[in-house]
Amino acid sequence: MQETLVLTILGPDRRGIVDSLATTVNERGGSWQESQMARLAGQFAGIVKVTCPREQADNLAQALQAQASENLQISVAREEEVAPNTERTLYLLDVLGNDRPGILSEVSRALRAHHANIVAMETRLEPAPQSGQPIFHTIATVALEDEGSPENLGQGLEALSPDLQVTVAKVTA
């Protein structure tokens, strides 16, 4: 019987973090299933899904947590602690507009109000083509609950500000 562990990792970026974790997973009989990792502002963050034989789960979790240090945080959640994955229709969301304080808060509040759960999100500032002024740009994958509709979501986001350009498109397999 297999058990699933979900690791979260956060700390200053340095060479060898992934190698060390992958080696530990392999040496303890685990299998690295999927992951997402990024480096931003000198920090490394990752989330990793690992499976292992149930009888090895405690040993693997302890070995992974033993790699945590003052500078590297590692947490391990077992499958029963992970929120259930309910199948929802996924949409790709692209929002572009003049940057201003609170724009992400406004966008995330609108997502919540329109029954959208963020599955993945990337935000960045880009210079406007002619003026060079900062433009807020986010690309996100969202899952809409049964009460939500992509049309209402798009309209709700566009209503935040007349300068926002919003695209909502269904993710196809």
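Restricting attention to region 113-129, and to residues there that are of a type in the set (D, E, K, R) and more than 18 Å from residue 170 (Cα to Cα), which single residue is farthest from the chain's Cα centre (by Cα)?
Within region 113-129, the match that is farthest from the chain's Cα centre (by Cα) is 126.
Residue by residue, here is whether (1) under 17 Å from the mean Cα position of the chain (by Cα); (2) among the β-branched types (Val, Ile, Thr) holds:
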position	(1), (2)
13	no, no
37	yes, no
40	yes, no
45	yes, no
48	yes, yes
58	no, no
71	no, no
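In this structure, is residue 54 of a type in the set (Lys, Arg) and surrounded by 12 or more Cβ atoms within 10 Å (Cβ to Cβ)?
Judged against the criteria, residue 54 is not a match.
Farther than 30 Å from residue 5 by Cα and surrounded by fewer than 17 Cβ atoms within 10 Å (Cβ to Cβ): which single residue out of 98, 117 fits that description?
Criteria check complete, one pass: 98.
Output yes when any residue across region 121-141 is farther than 30 Å from residue 13 by Cα and assigned to a strand (DSSP E or B), and no when none is.
No.
Quick test for you: out of 43, 67, pick the one residue that is polar (S, T, N, Q) and modelled with pLDDT of 95 or more.
Within the list 43, 67, the selection yields 43.
Looking at (1) in a helix (DSSP H, G or I); (2) touching a residue at least 12 places away in the same chain (Cβ under 8 Å); (3) of a type in the set (D, E, K, R), find the lone condition where residue 94 falls short.
The single condition residue 94 does not satisfy is (1).
The values are calculated or read from the model by the stated rules, or taken from the named source; none is laboratory data. In this text, all values refer to a predicted model and were calculated from it rather than measured experimentally. Counting neighbours? That spans all protein chains shown, and the Cβs are built from the backbone with ideal geometry, glycine included.
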